[in-house]
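Sharing a structure below in C-alpha cells format, with a few things to ask.
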Amino acid sequence: MSEAPFIRFTEVTKVFSRPDGKGTFAAVERLSFDIAKGEVVAVLGKTGCGKSTMFNLLAGLIEPTSGAVNIAGHAPFDEFNHFRGKIGIVFQNDRLMPWRTALDNVMLGLQILDKDPKESEEIARRWLARLGLSGHENDYPHALSGGMRQRVSIARAFAVEPEILMCDEPFSSLDEMTARDLRAEFLRLVKQDGKTAVFITHHINEAMDVGDRVLVFHRPARIAYEARMDGDARNAGREAIQAEILKVLSLEAPVAHP
Amino acid sequence: MWSNPQFKQFYQATIGTLVLVAAWQIASFFFPHYLFPPVQAILARTVSILINWPELKQVLETAARIFAGLTGAFLLGCLVALVIGRSPKIESYITPLLVFLQGIPALSWVIIAIIWFHGTEFRIFFIMVITTLPAFTFQILDAYRSMSKDLFEMTMSFRPSARILFRVLIVPTIVPGILTAWKVNLGNAARVVVVAELVGATGGVGYELLRQQQLFDMAGALAWTIQLVLFVLVVQQVIVMVERWLLRYRPVSERAS
Ligand SMILES: Nc1ncnc2c1ncn2[C@@H]1O[C@H](COP(=O)(O)OP(=O)(O)OP(=O)(O)O)[C@@H](O)[C@H]1O
Ligand SMILES: [Mg+2]
C-alpha cells in the first residue's frame, strides 16, 4: 500500500452568503492538494483570495460546503475532538485574551489539554524565554507591543507541541529584523521535530524561505502555481521561481470584493 | 489629590448632597415641621434605626428580600438566556414576552401575587423575580453576545470540552456585563421591594413606610427611605470594588479622566 498523504483536500468548496445577504459566493472552489507528513507548505495569494478560509477549513473551524478535508484519515470539522492537542495555530492577529497575563495566555492550550498546572507553567515560561519575552510573564496584553503580543501567540501555539502547525501571516505585523529572527526560529522548531506546517504569507521571499513547497492561490482559492523548493530552487533556480510567482500573481486582476 | 478621579467624584457628589440638605433645612424654617422636619431630626431618626436592633432587623429583612429576588432573577435569567442563546427560533418567541413583562407595573404584580399566592414571603419573592427578570435576561444575553468571534475561534482551535470553554472563555467574557446588570437591577429592586412589601408584610422598610404615613411622620418616612438608599449605595460600592479587582487587566486611557 502506498502511503496516503498526511493532509488531503479533495475538491473542497466553501460558499458564504454575501455580506448584503443577497445571494452567495464561493471563497474556496474545488480546491485539491496533498501535504506529506513533515512537509512545510507556504501559501501565497492576493488579499481576499480565500487563504484564511482554506486555513479555517483545515483547522476544522468551518465546515466545507462540499468536498472533503482529511488529516491522517480524520475530518477536522466532523471529528473535532479527535484533534485535541494535535493542531497549533498562529492566527493573522494575535488573539490574546486581554484578561490573561502573557504567561497565562501561553498556558491556555495546556490548560485545555488538562496538563498539570505546575508543569504547564514551566513549559510556558520556557517558551516565553525562547521568544525573548523573559521578564514579561506577568504583563497583560495591553502592556505589550504588537510584536511582543504576536510572539506570545506563537508561544501559545508551540507550547502544546502539536503535530501540525498552522500560521496565518504570523510575522506580517513585525519589523523585518524581528520577522527574520522569528522565521529562523520557527523553521528550526518545525524542522527539529519534523512537524507538518502550513504557512500563509503575503511575501514571496518569505514563502520561498519557509516552504518546502510554495502554493500560489487565485481567487476563489484554487492553486494557480506550485513550486517545490528543493535542490536547485533555493540557489540558482530561485530567481526563475520568483519571477514565475510574480507573473502568476499579477495575472489576476485586482480583487473586486463581492 | 484633586486629579484623582475617585476623589473628584466623591467631592462632586458631596457638594450636590450638601446643596440639597441646605435647601431642605431652609424650607424647614418656613414650613411646619410635619411637612419639612429639620435635618437633625431626620438624621437622628436615621441613626436611631441603625442602632436599634428591632428596627435594623427590618432593614436587613428588606435587604434579604432584595438579594433573594435578585438571585432568583439572575439564575432564572441565566437559564432563559442560555435557552435563547442556543436557538434564535425560541428567541423570537421569548423576547416579545419579556418585553411585555417589562411593561407591567410593579403594582399590578402586587395585585396578581396577592390573588395567586398565599404566604407573604413567596409573594414578595415572586414580585421581585418577575420584575427584574427581563432586564437581567437581556443583559446576560448581551454580555454573552459581546463575546469576540476571534477569541472564540482561537479557543476552539484547542478543542476544549464544553466545561473548560465555559470556564476559560465564557465566564471571563460575561462577568463585566453581569456585574453591570447587578448594579442596575439593584437600584430597580430597591424601588420595587417597598411596593412588594405592601402584600401584607409585617416588617421591612415598605411596611415601616406605610406605618409612617399612617402616623403622618415625615422624619420617619425619610429616615426609612434613607436606609434603602444607603443600602443600595453600599452594595453598589462593593460591586464596584469587585469590578475594579476583576477587571484590573483593562487598560486605562490617560485621557479617560
Ligand atoms: N465568515 C465569512 N462570511 C462571509 N464571507 C467571508 C467569511 N470569511 C471570509 N469571507 C470572504 O471570503 C473571501 C476570502 O476571505 P479570506 O479571509 O479567506 O481571504 P484571505 O486570502 O485570507 O485574505 P487576506 O490575505 O487579506 O487575509 C473574502 O471575500 C471574504 O470577504
Ligand atoms: Mg487572511
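Report, in debye and to the nearest 20, how large the dipole of chain B comes out about its Cα centre when Lys and Arg carry +1 and Asp and Glu carry -1 on their Cβ. Walk me through the intermediate numbers first.
Numbers: 19 positive and 12 negative charges, 146 e Å.
Charge dipole of chain B: 700 debye, to the nearest 20.
Shifting gears a bit: Given the options B:S146, B:S92, B:S157, state which has the largest fluctuation in a GNM of chain B using a 10 Å cut-off (strictly under) for Cα springs.
Between B:S146, B:S92, B:S157, it is B:S157 that shows the largest mean-square fluctuation.
Put +1 on the Cβ of every Lys and Arg and -1 on every Asp and Glu Cβ in the protein assembly as shown; which of B:I15, A:V190, A:A159 then has its Cα farthest towards the positive end of the dipole?
Among B:I15, A:V190, A:A159, the one farthest towards the positive end of the dipole of the protein assembly as shown is B:I15.
Contact order normalised by length for the range B:65-147, with contacts defined as Cα pairs under 8 Å and 6 or more residues apart; what percent is it?
Once normalised by length, the contact order is 52 percent.
Given springs between every Cα pair under 10 Å in a Gaussian network model of chain A, which of A:G135, A:G23, A:G38 has the largest fluctuation?
Maximum among the listed residues: A:G23.
Just to confirm the number: angle between the C-alpha axis of helix A:117-130 and the first principal axis of chain A, 0 to 90 degrees, nearest 10?
70
Hey, another quick one. So what is the relative contact order for chain B, in percent, with contacts set as C-alpha pairs under 8 Å and at least six apart? Present the calculation step by step, with values, prior to reporting the outcome.
Numbers: 227 pairs, mean separation 65.8, N = 257.
Contact order relative to length: 26 percent.
With charges set only on the Cβ (+1 for Lys and Arg, -1 for Asp and Glu), what does the dipole of the protein assembly as shown come to about its Cα centre, in debye to the nearest 20? Before the final figure, lay out each step's value.
On the way: 51 positive and 48 negative charges, 149 e Å.
Around 720 debye, computed over the protein assembly as shown.
Right, another one. Could you state, as a whole-number percent, how many of the C-alpha pairs of the protein assembly as shown are farther apart than 33 Å?
Numbers: 75225 of 132355 pairs.
Distances greater than 33 Å cover 57 percent of the Cα pairs.
Tell me the Kirkwood radius of chain A: reciprocal of the mean inverse pair distance over distinct alpha-carbon atoms, in Å.
19.2
Further question: Can you list which of the GluC sites (Glu not before Pro) found in the range A:69-164 are DSSP loop residues with at most 13 other C-beta atoms within 10 Å? If you can, show how the numbers build up before the last one.
Working: sites: A:E79, A:E119, A:E121, A:E122, A:E137, A:E163; in loops: A:E79, A:E137, A:E163.
Answer by residue number: A:E79.
Also: Taking the Cα atoms only, what angle lies between the long axis of helix A:238-251 and the longest principal axis of chain A, rounded to 10 degrees?
Value to nearest ten degrees: 70.
Here's a follow-up. Bin by bin, in steps of 5 Å, what percent of the Cα pairs in the range A:96-154 do you find, going until the bin that has the longest distance?
The calculated distribution, bin by bin, is 4, 23, 35, 24, 12, 3.
Which pairs, out of A:K51/A:K86; A:K51/A:K115; A:K22/B:K89; A:K86/B:K89, put more than 24 Å between their alpha-carbon atoms? It would help to have the intermediate numbers written out before the result.
Working: A:K51/A:K86 21 Å; A:K51/A:K115 33 Å; A:K22/B:K89 22 Å; A:K86/B:K89 36 Å.
A:K51/A:K115; A:K86/B:K89, as the Cα separations exceed 24 Å there.
Could you compute the net charge surrounding A:T201? Neighbours are other residues with a C-beta less than 10 Å from the C-beta of A:T201; K and R count +1, D and E count -1. Could you put the intermediate results ahead of the total?
Details: positive: A:K51, A:R183; negative: A:D168, A:E169, A:E206, A:D209.
Charge balance near A:T201 sits at -2.
Normalising by the residue count of chain A, find the relative contact order in percent from Cα pairs under 8 Å and 6+ residues apart. Show your work: numbers first, answer last.
Working: 469 pairs, mean separation 66.9, N = 258.
That works out to 26 percent.
Bear in mind that the values in this text are calculations on the coordinates, not laboratory data. Here the structure is a predicted model, which means the values were calculated and not measured. Reconstructed Cβ throughout: ideal geometry from the backbone, glycine too, with neighbour counts over all protein chains shown.
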